[in-house]
1. Condition first: more than 20 Å from B:Tyr35 (Cβ to Cβ), within 14 Å of chain B (Cβ to nearest Cβ) and in contact (Cβ under 8 Å) with a residue 40 or more places away in the chain. Now tell me which residues in the stretch A:46-98 satisfy that.
2. Among the candidates A:Ser53, A:Ser24, A:Ser46, A:Ser28, single out the residue that is surrounded by fewer than 20 Cβ atoms within 10 Å (Cβ to Cβ) and within 29 Å of B:Leu114 (Cβ to Cβ).
3. With respect to A:Arg37, is the statement that it is among the basic types (Lys, Arg) and within 10 Å of the chain's Cα centre (by Cα) true?
4. Looking at (1) part of a loop (DSSP other than H, G, I, E, B); (2) under 15 Å from B:Phe45 (Cα atoms); (3) of a type outside the set (D, E, K, R); (4) modelled with pLDDT under 95, find the lone condition where B:Ser94 falls short.
5. Give all pairs with beta carbons closer than 8 Å in which a residue from the stretch B:100-114 that is facing another protein chain (nearest Cβ under 7 Å) meets a residue that is modelled with pLDDT under 80; count only pairs at least 6 apart in sequence or on separate chains.
6. Test of understanding: among B:Gly59, B:Gly42, which residue is surrounded by 20 or more Cβ atoms within 10 Å (Cβ to Cβ), in a loop (DSSP other than H, G, I, E, B) and within 12 Å of chain A (Cβ to nearest Cβ)?
7. Would you say A:Pro8 is loosely packed, with under 13 Cβ neighbours inside 10 Å and modelled with pLDDT under 95?
Amino acid sequence: KQEVTQIPAALSVPEGENLVLNCSFTDSAIYNLQWFRQDPGKGLTSLLLIQSSQREQTSGRLNASLDKSSGRSTLYIAASQPGDSATYLCAVNAAGNKLTFGGGTRVLVKP
Amino acid sequence: GAGVSQSPRYKVAKRGQDVALRCDPISGHVSLFWYQQALGQGPEFLTYFQNEAQLDKSGLPSDRFFAERPEGSVSTLKIQRTQQEDSAVYLCASSNGPGHAFDQPQHFGDGTRLSIL
């Protein structure tokens with residue numbers, strides 16, 4: 001059974017620091033991995049999708065890497081801003097028809 | 001529409017009542033998914049439709065949970081004889097392609113927050 005773990009569960013940084021969020025998964029046979037942002041009381045906003053054949057994806061200040069063999073993905077957010085405060089979730093698509101989520105990392109960027 | 005729309009946004013029901021939650025996916029999206037999110041946790045898969053066919057319902061917690069998508073667009077998640085442990089946020093997602101499409105992200109609605117008293 002696929003299990004996804006995110007460490008740390010919570011993270012607080014001063015504005016301007018780079019954020020590093022970690023995600024690990026137990027079964028490397030995945031179709032893709034997706035990073036999401038969730039604001040309180042809201043649904044999930046898709047940030048980046050990395051296909052199983054890719055090693056990284058970039059969008060603006062966001063960069064996500066994927067190491068399938070070791071079952072790890074890392075989301076980097078450069079030069080963090082208070083507006084980056086949210087919960088970040090990673091999810092793997094392994095069964096072909098559903099996402100398995102980690103528990104999320106709650107991020108607070110202090111001005 | 002522009003995004004996935006779910007209604008109602010909030011639902012309060014007494015234990016034992018039946019509830020129905022609606023999801024309008026992004027127009028033309030083939031795949032539709034339902035997830036359940038408990039407070040402070042990541043979402044957990046409930047069920048998956050490809051067009052009108054329910055291809056996977058392995059995540060439904062009991063036979064009190066039922067989902068349908070009769071015309072391959074709007075979907076309804078129904079919970080019968082609700083119990084307190086059903087309290088959660090129910091999220092709907094859609095994607096433009098079959099579930100195994102490796103390059104298609106899932107797009108989520110804002111969810112329905114269900115509270116069972």
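The values are calculated or read from the model by the stated rules, or taken from the named source; none is laboratory data. Quick caveat, the model's predicted, so the values are computed rather than measured. Neighbour counts are summed over all protein chains in view; Cβ atoms, including those assigned to glycine, are modelled from backbone coordinates with ideal geometry.
1. A:Lys68
2. It is A:Ser46.
3. Here the answer is yes, as A:Arg37 does meet what is asked.
4. (1)
5. B:His100/A:Gly96; B:His100/A:Asn97; B:Asp103/B:Gly97
6. Values: B:Gly59 fails: surrounded by 20 or more Cβ atoms within 10 Å (Cβ to Cβ).
Going through B:Gly59, B:Gly42 in turn, the sole match is B:Gly42.
7. Spelling it out, A:Pro8 is indeed loosely packed, with under 13 Cβ neighbours inside 10 Å and modelled with pLDDT under 95.
For every residue, the table says whether it meets (1) buried (at least 22 other Cβ atoms within 10 Å of the Cβ); (2) in contact with a strand residue (DSSP E or B) (Cβ under 8 Å, 6 or more places away or on another chain).
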residue	(1), (2)
A:Leu33	yes, yes
A:Gly60	no, no
A:Asp67	no, yes
A:Tyr88	yes, yes
